[in-house]
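Q: Sending over a structure as structure tokens; questions will come in a sec.
The values are calculated or read from the model by the stated rules, or taken from the named source; none is laboratory data. Every value quoted in this text rests on a predicted model; they were computed, and no experiment measured them. We place every Cβ from the backbone using ideal geometry, glycine too, and count neighbours over all the protein chains shown.
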Amino acid sequence: MVLRTLDADYRSFMALRSNGDKDAQPPGFKSKSHFTTMVYNQSGFRLRDGRIALAQYYKKDVSLVFDISADYITKNLGRIYQVVVSYDRGKYYLSMVHEAPEKPYEDNGLYQAIDLGITKTITAVNIQGKFFEAKNPRPDKYWNPQTDAIQSRRDHCKKGSNKWRHLHKTMKKKKKKCSNQIKNHQHKLSRKMVDNTRANTLIVGDLDVKEMLCLWKETRHASLEAYYGM
């Protein structure tokens, strides 16, 4: 799966280059000590007695057995297609792609279209012409000055020293808090939108994030030029 993932990354890079994207970069080098994800695709795992056990490729002394709620297995969990172990800032997460029962769809004639943006998180409109907008709370404006100050202090310490490790750990903790706050806001917002609409059909635009960022930078640069009379 590591080789297949690497092959998919290179195919994506070559496809972007062939389509004329000159800014596309090939996958960067990562050493064996840089753990990100471990993928089990349709094999290498076993579900039994409310636990999922994964095949161990290295570090045999580490048990790769995880508990899963019996109620969740009974109600929601069907055939498992893929299991992924990921690492994010000091913590490991296990995610599963599994079969779920389909709910019958009923078209009640009400629709709501959703458009995601950069400055505004959500812009939505329903079939009755009512608009809804939500802005990003931007917790990074609070956390970034703190992490930048800690990073500056860390860079003045000897790498690997006790002081350096303490500041590095503190910086990672604050970055994780910022990321968690953004994810928490997005989850609550999406849940609120689904619960508070009577529309059975939600339409979400297919976004090209890279093009959105480029267009936003060009618009911002043109606005600054007009403001300063350049």
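Q: If you scan region 113-144, which residues turn out to be farther than 29 Å from residue 174 by Cα and assigned by TED's automatic domain parsing to the domain that holds residue 175?
A: First pass over region 113-144, keeping only residues farther than 29 Å from residue 174 by Cα: 113-115, 123-132.
Residues satisfying the conditions do not exist here.
Here is a yes/no grid of residues against (1) modelled with pLDDT under 80; (2) surrounded by 10 or more Cβ atoms within 10 Å (Cβ to Cβ); (3) in a loop (DSSP other than H, G, I, E, B); (4) out of contact with any Asp or Glu (no Cβ under 8 Å at 6 or more places or on another chain):
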{"position": "3", "(1), (2), (3), (4)": "no, no, no, yes"}
{"position": "14", "(1), (2), (3), (4)": "no, yes, no, yes"}
{"position": "22", "(1), (2), (3), (4)": "no, no, yes, yes"}
{"position": "35", "(1), (2), (3), (4)": "yes, yes, yes, yes"}
{"position": "59", "(1), (2), (3), (4)": "yes, no, yes, yes"}
{"position": "83", "(1), (2), (3), (4)": "no, yes, no, yes"}
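Q: Something else about it: I'm told residue 149 meets every condition in (1) at pLDDT 85 or above; (2) within 30 Å of residue 199 (Cα to Cα) except one. Can you identify the failing condition by its number?
A: Of the numbered conditions (1) at pLDDT 85 or above; (2) within 30 Å of residue 199 (Cα to Cα), the odd one out for residue 149 is (2).
Q: List every residue pair whose Cβ atoms lie under 6 Å apart, where the two residues are 6 or more positions apart in sequence or sit on different chains, the first residue falls within region 177-200 and is not assigned by TED's automatic domain parsing to the domain that holds residue 116 and of a type outside the set (Gly, Ala, Ser), and the second residue, located anywhere, is in a helix (DSSP H, G or I) and at pLDDT below 85.
A: Every condition considered, the pairs that remain are 178/140.
Q: Separate question: So which residues in region 24-33 are at pLDDT below 80 and of a type outside the set (S, T, N, Q), if there are any at all?
A: Restricting attention to region 24-33, the residues satisfying the condition of being at pLDDT below 80 are 30-33.
If the condition is that a residue be at pLDDT below 80 and of a type outside the set (S, T, N, Q), then 30, 32 are the ones that fit.
Q: Which of the residues that make up region 158-173 are surrounded by 15 or more Cβ atoms within 10 Å (Cβ to Cβ), of a type outside the set (Val, Ile, Thr) and out of contact with any Cys (no Cβ under 6 Å at 6 or more places or on another chain)? Please lay out each step first, then the result.
A: Kept after step one, since they are surrounded by 15 or more Cβ atoms within 10 Å (Cβ to Cβ), are these residues of region 158-173: 164, 167-168, 170-171.
If we keep only those that are of a type outside the set (Val, Ile, Thr) as well, we get 164, 167-168, 171.
Once the filter is applied, which keeps residues that are surrounded by 15 or more Cβ atoms within 10 Å (Cβ to Cβ), of a type outside the set (Val, Ile, Thr) and out of contact with any Cys (no Cβ under 6 Å at 6 or more places or on another chain), region 158-173 yields 167, 168, 171.
Q: Shifting gears a bit: If you check residue 197 against the conditions, is it assigned to a strand (DSSP E or B), closer than 30 Å to residue 107 by Cα and either of a type in the set (Ser, Thr, Tyr) or in contact with a Pro (Cβ under 8 Å, 6 or more places away or on another chain) (or both)? Talk me through it step by step, then tell me what you get.
A: Values: assigned to a strand (DSSP E or B): no; closer than 30 Å to residue 107 by Cα: yes; either of a type in the set (Ser, Thr, Tyr) or in contact with a Pro (Cβ under 8 Å, 6 or more places away or on another chain) (or both): yes.
When the stated conditions are applied, residue 197 does not pass them.
Results for (1) touching a Gly at 6+ places or on another chain (Cβ under 9 Å); (2) surrounded by 11 or more Cβ atoms within 10 Å (Cβ to Cβ), shown as yes or no for each residue.
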residue: 114; (1), (2): yes, yes
residue: 122; (1), (2): no, yes
residue: 126; (1), (2): no, yes
residue: 132; (1), (2): no, yes
residue: 149; (1), (2): no, yes
residue: 153; (1), (2): no, yes
residue: 156; (1), (2): no, no
